[in-house]
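Student: First the structure, then my questions, so here it is.
Values in this text are rule-based calculations from the coordinates and carry no lab data. Worth saying up front: this structure is predicted, and the values here are computed from it rather than measured. Neighbour counts are summed over all protein chains in view; Cβ atoms, including those assigned to glycine, are modelled from backbone coordinates with ideal geometry.
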Amino acid sequence: MEVILKQDIEKLGFTHDTITVKDGYARNYLIPRGMAVIANPTNRKVVAEIQRQQSFKAEKVKTQAETIAGGLKDMKLRIPAKAGTSGKIFGSVNAVQIANAIKEERNIEIDRKKIVMNAEAIKELGTYKAKIRLHKEVLVELEFEVFAE
């Protein structure tokens, strides 16, 4: 079944994308939760009109995301953490701490949900990489170091 997404859904698509999913997933999950609508001719025309009206706004948002990406590209973050003598961290480093470190260093606010870390939870000292999706077409890879306080 073809549906039009009303919002960004991780690993599925972005707002106003027309995608094909299984009938049950569309009827029982996406449509009842207001995440998608059936891709009939009427809804396609509505989405086309919305996209036409928002095209100049989208270009501005993309340019702004590229500007932020330029500021983050060469950045080397250092995140302090309390650790034992073996190098294990008490707790873990997550996307919230990375977002806070970026705000402190460059005064750029990034939503924690836009930060995707390669490791599920960082529990040791060392150097790691995270990806920041600022826009659906702008992805920045950020290297950061976790060091003992």
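Student: Among the GluC sites (Glu not before Pro) within the stretch 1-75, which fall in a DSSP loop and have no more than 16 other Cβ atoms within 10 Å of their own Cβ? The partial results should precede the final answer.
Tutor: Values: sites: Glu2, Glu10, Glu49, Glu59, Glu66; in loops: Glu10.
Within the stretch 1-75, the qualifying GluC sites (Glu not before Pro) (loop, at most 16 other Cβ atoms within 10 Å) are Glu10.
Student: Thinking of the stretch 69-148 as a set of Cα atoms, what percent of all their pairs are more than 21 Å apart?
Tutor: 23
Student: Relative to the longest principal axis of the C-alpha atoms of the chain, give the angle of the C-alpha long axis of helix 41-73, reported between 0 and 90° and rounded to the nearest 10°.
Tutor: Helix 41-73 sits at roughly 20 degrees to that axis.
Student: What stretch of the chain, leaving out the sites themselves, is the longest with no trypsin sites (Lys or Arg not before Pro) in a DSSP loop having at most 12 other Cβ atoms within 10 Å?
Tutor: In the chain, the maximal stretch lacking such sites is 83-149.
Student: Take the cross-link list Lys22/Lys114; Lys103/Lys129; Lys11/Lys76; Lys11/Lys88 and give me the ones stretching past 23 Å between alpha-carbons.
Tutor: Distance filter (> 23 Å) returns Lys22/Lys114; Lys11/Lys76; Lys11/Lys88.
Student: To test your reading of the geometry: what angle, between 0 and 90 degrees and rounded to tens, separates the Cα axis of helix 95-106 from the longest principal axis of the chain?
Tutor: 70
Student: By count of other Cβ within 10 Å, fewest leading, how are Ser55, Ser92 ordered?
Tutor: Exposure proxy ranking, most exposed first: Ser55, Ser92.
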